[in-house]
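The structure appears below as structure tokens.
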Amino acid sequence: MALGLIIGVQQARANNSDEGGGGDVTVVPFEANSGDACGTADGQFSWLGDQRVFIGGTLTDRATGCGDMETTITFTVYVAPYGDTTVYTERADNVTKEYGWREDPKGDPDSTPSIDRILVNVCRKPIGGGSGAYCGATRTYRPPT
């Protein structure tokens, strides 16, 4: 897996079956890592406007040459105009693990909430606690315009 961000946005049509219709979905791939090759993540944000996003991908924790640690990925979703946040964390220990969910902000019925940004961070931590935890750079993603 290459380090850094994947640059580019792919426009696609998708059937949003749980909402009972179709719609334009913008797929934005992402990659993040723990600062080395021991903890890596990749996946995609499938944006339906700025009010809903489907997040899915894989988190990999490598055992060989990486010590007895686990890898975590944390997504922090900020919703405007309220400043509300949702935090979603997955863990992997010596495996590749799939994750996925839909983020659909709720809020005041008199206004329309939208996702302002999503922060993605991958970290490595010693199993059972202790010192030596480290994280890669936090990546920030915004809805496509």
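For GLN51, which sequence-distant residues (separation of 5 or more, or a different chain) have an amide H within less than 5 Å of its own amide H, given hydrogens modelled in the peptide plane?
Long-range HN contacts for GLN51: ILE115.
Explain nothing, just compute: Karplus ³J(HN,Hα) = 6.51 cos²θ - 1.76 cosθ + 1.60, θ = phi - 60°, for every residue of segment 34-44 in order, whole Hz, x for Gly and Pro.
Using θ = phi - 60°, the values come out as 7, x, 8, 8, 6, x, 9, 9, 8, x, 8 Hz.
Please compute the length gained on full extension between ALA63 and ALA137, using 0.36 nm multiplied by the number of residues separating them and subtracting their Cα-Cα distance.
In short, 24.5 nm is gained.
Taken together, the values in this text are just the output of simple stated rules run on the coordinates, not laboratory data. The shown structure was predicted, so the numbers you read here are calculated from the model rather than taken from an experiment.
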